[in-house]
1. From the residues Thr145, Val185, Ser164, which one has its Cα farthest along the dipole of segment 68-209 in the positive direction, the dipole being from +1 and -1 charges on Cβ of Lys/Arg and Asp/Glu about the Cα centre?
2. Sorting Arg231, Arg114, Arg191, Arg39 on the 10 Å Cβ count, fewest up front, what's the list?
3. Using amide H atoms built in the peptide plane, which far-off residues or other-chain residues are under 5 Å from Thr166 H to H?
4. Modelling each spin label as a point 7 Å along the Cα-to-Cβ direction, I'd like the Lys208/Val74 distance in nm, to one decimal.
5. Rank the residues Thr193, Thr75, Thr170 as a footprinting-exposure proxy: fewest other Cβ atoms within 10 Å of their Cβ go first.
6. For every other residue with a beta carbon closer than 14 angstrom to the beta carbon of Ile135, add +1 if it is Lys or Arg and -1 if Asp or Glu, then tell me the sum.
7. Relative contact order for segment 45-238: what percent, with Cα pairs under 8 Å and sequence separation of 6 or more?
8. Which of the aspartates and glutamates could a cross-linker bridge to Lys140, judged by Cα under 17 Å and excluding same-chain residues fewer than eight apart?
Amino acid sequence: MMPGPVWHAQSGGRAARFAGVAVALVSVLLTGCASGPNRDPRDPLEPFNRGVYRFNTAIDEAVLKPVASTYRDVTPVRVRQGIGNFFGNLEDVWSFVNNVLQFKGQAALDSLRRVGVNTVLGWGGVFDVATEMDIEKHTKDFGHTLGSWGIGSGPYLVLPLLGSSTLRDTLALPVDWKGDLVAEVGHVPTRNTATVVRAIDTRSDLLKASTMLEEAALDQYTFIREAFLQRRRSVIFDGNPPDEDRADTP
């Protein structure tokens, strides 16, 4: 998932808007679950989710993909790498916190070492020196943490602009936004600029993958859902997920 909507300017505003969205989602989950002989039990809101997916795809095709393509074409590779490394270094800070919450000592130590090495030796994170030193990256967010605590994922959800999620990960978003160092920058123009640049840089990294998806997948919605849920589950269990019924996937 993206770290947060591009247009969010104040933490309080994010929390208030999210509260309304959460109430609406819970209401839909309680009253609008679709059923049918071919319905995937992990995706009871598939008709609703497909509608949001179509909306997101339209926005992506009209705005995000063209901007990301232009950014890729006009920005030197080394500059793009530096931008990605910088935001990745900030991400490692939040990963450290979540690895601590998950009682993963080695992963937490690696995340802390990565931040220290890249901040000091990598010019504030512009250069990924830690990877060159074979310090492993352990990306974790609060949704991962809730999953490691045994909280089930709940239904699959597609969020406007943010894309694939689950009920658990959606409810974890306010905590993730609070732990996002970019979102906590006090100077609003700087914060908004950094958020937009991060979003564009992230989308540019996915250009090749999205082109392959468009060419290969018969049903892109189903392909994306399966890939997201499998990867999410694998990351929560550090690549060794236990065998479990599809309808009750953590």
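1. It is Ser164.
2. On the way: Arg231 11, Arg114 28, Arg191 18, Arg39 14.
Ascending Cβ contact count within 10 Å gives the list Arg231, Arg39, Arg191, Arg114.
3. Those qualifying (amide H under 5 Å, at least 5 residues apart or on another chain) are Leu157.
4. Taking the simple label geometry, Lys208 and Val74 are separated by 2.3 nm.
5. Thr193, Thr75, Thr170
6. Values: positive: Arg113, Arg114, Lys137; negative: Asp92, Asp110, Asp128, Glu132, Asp134, Glu136.
Result for the neighbourhood of Ile135: -3.
7. Details: 208 pairs, mean separation 48.4, N = 194.
The normalised contact order for segment 45-238 reaches 25 percent.
8. Glu91, Asp92, Asp110, Asp169, Asp176, Asp180, Asp238
We did not get these values from a lab; they are worked out from the coordinates using the rules stated. Just so you know, these numbers come straight off a predicted model, no measurement behind them. Methodologically, a virtual Cβ is constructed for each residue, glycine included, from the backbone with ideal geometry; neighbour enumeration extends over all protein chains shown.
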